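What follows is calculated from the coordinates using simple rules that are stated; it is not laboratory data. Being a predicted model, the structure only gives us computed values, none of them experimental. Counting neighbours? That spans all protein chains shown, and the Cβs are built from the backbone with ideal geometry, glycine included.
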Amino acid sequence: MAKISPSILSADFGSLKEEILKLEKGGADYIHLDVMDGLYVPNITFGPPVISKLRSITDVPFDVHLMIDRPERYIDDFVKAGADIITVHPEATVHLHRTIEAIKSHGVKAGVALNPATPLGSIEYVLDDIDLVLIMTVNPGFGGQKFIPAMKRKIRNMRDIVDSRELDILIEADGGIKLDNAKEIIDCGLDIVVVGSGIFEAEDVVERTRMFKNL
Ligand code: DX5
Ligand code: ZN
């Protein structure tokens, strides 16, 4: 069964504590935290100080998705803030392998996020080093976008690589995943599914989180 990592990007930022407690109550396996810098992506969200405050609210693992330029500059800060998984975009970092090693040196899981047009081959030579691949199923930057259908094949191809080579890598997908398409996307071979607006558009966030978890 796939795990659920709700993204707080579409939550009420004025009540993050209450929103996170609802996700916890609904059975969230992770909390997905979308960090954006207005440079790598055209949107700005929050950084380590906010994450560090949220850390005191819950023990649910923090799945931190860095959509920032040169993330290597801030790895220590995100580790200190309480990240359990740190995922970076290969286009944003100067030395991807070095950045992955830096993340893992803190005992934190290292992920690589692939934009829709970025081929799986771009991570060929770091497959033995990473803990997670995040397949972007929308272009990064905003919640509430439409799932890109070609990404189903990308997920299936990644699943084939992980299984045939017996790699210890989790496959996660992020963007445009709603109740009506989640099952078919998960069935392409996901371990973790990120859902933002698909949860926070619901009147009852606790119940909606449970519904995704039970898919
Ligand atoms: C997009 C973010 C996603 C986003 C998903 O850049 O990485 O995590 O919050 O939101 P939905 O589920 O609304 O597409
Ligand atoms: Zn994300």
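All of I130, I135 fail the test of being out of contact with any Phe, Trp or Tyr (no Cβ under 9 Å at 6 or more places or on another chain), under 23 Å from V195 (Cα atoms) and within 14 Å of ligand 2 (Cβ to nearest atom), apart from I135. Scanning the range 1-47 for residues that are in a helix (DSSP H, G or I) and among the polar types (S, T, N, Q) yields a total of 2.
Listed residues G27, G38, G14; which is touching a strand residue (DSSP E or B) at 6+ places or on another chain (Cβ under 7 Å) and surrounded by fewer than 21 Cβ atoms within 10 Å (Cβ to Cβ)?
Being touching a strand residue (DSSP E or B) at 6+ places or on another chain (Cβ under 7 Å) and surrounded by fewer than 21 Cβ atoms within 10 Å (Cβ to Cβ) holds for just one of G27, G38, G14, which is G38.
Taking first residues from the range 116-131 that are touching a residue at least 40 places away in the same chain (Cβ under 8 Å) and buried (at least 16 other Cβ atoms within 10 Å of the Cβ) and partners that are outside any helix (DSSP H, G or I) and among the basic types (K, R), the Cβ contacts under 6 Å between residues at least 6 apart in sequence or on separate chains come to D131/K109.
Residue by residue, here is whether (1) within 14 Å of ligand 2 (Cβ to nearest atom); (2) part of a loop (DSSP other than H, G, I, E, B); (3) small (G, A, S) holds:
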position	(1), (2), (3)
V94	no, yes, no
T99	no, no, no
H106	no, yes, no
A110	no, no, yes
G141	yes, yes, yes
K152	no, no, no
D168	no, yes, no
E184	no, no, no
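Find all pairs meeting these conditions: Cβ atoms under 8 angstrom apart; at least six residues apart or on different chains; first residue within the range 51-77 and in a loop (DSSP other than H, G, I, E, B); second residue within 16 Å of ligand 1 (Cβ to nearest atom) and aromatic (F, W, Y). Partner pairs satisfying both residue conditions: V60/Y30; P61/Y30; I68/Y40; D69/Y40.
Just so you know, in the range 1-42 the residues that are aromatic (F, W, Y) and touching a helix residue (DSSP H, G or I) at 6+ places or on another chain (Cβ under 9 Å) include one that is nearest to I86 (Cα to Cα), and it is Y40. Total residues in the range 186-215 satisfying the condition of being in a loop (DSSP other than H, G, I, E, B), without any contact (Cβ under 8 Å) to a residue 24 or more places away in the chain and not hydrophobic (A, V, I, L, M, F, W, C): the figure is 4.
Among the residues of the range 3-51, just one is under 12 Å from I199 (Cα atoms) and of a type in the set (K, R), namely K22.
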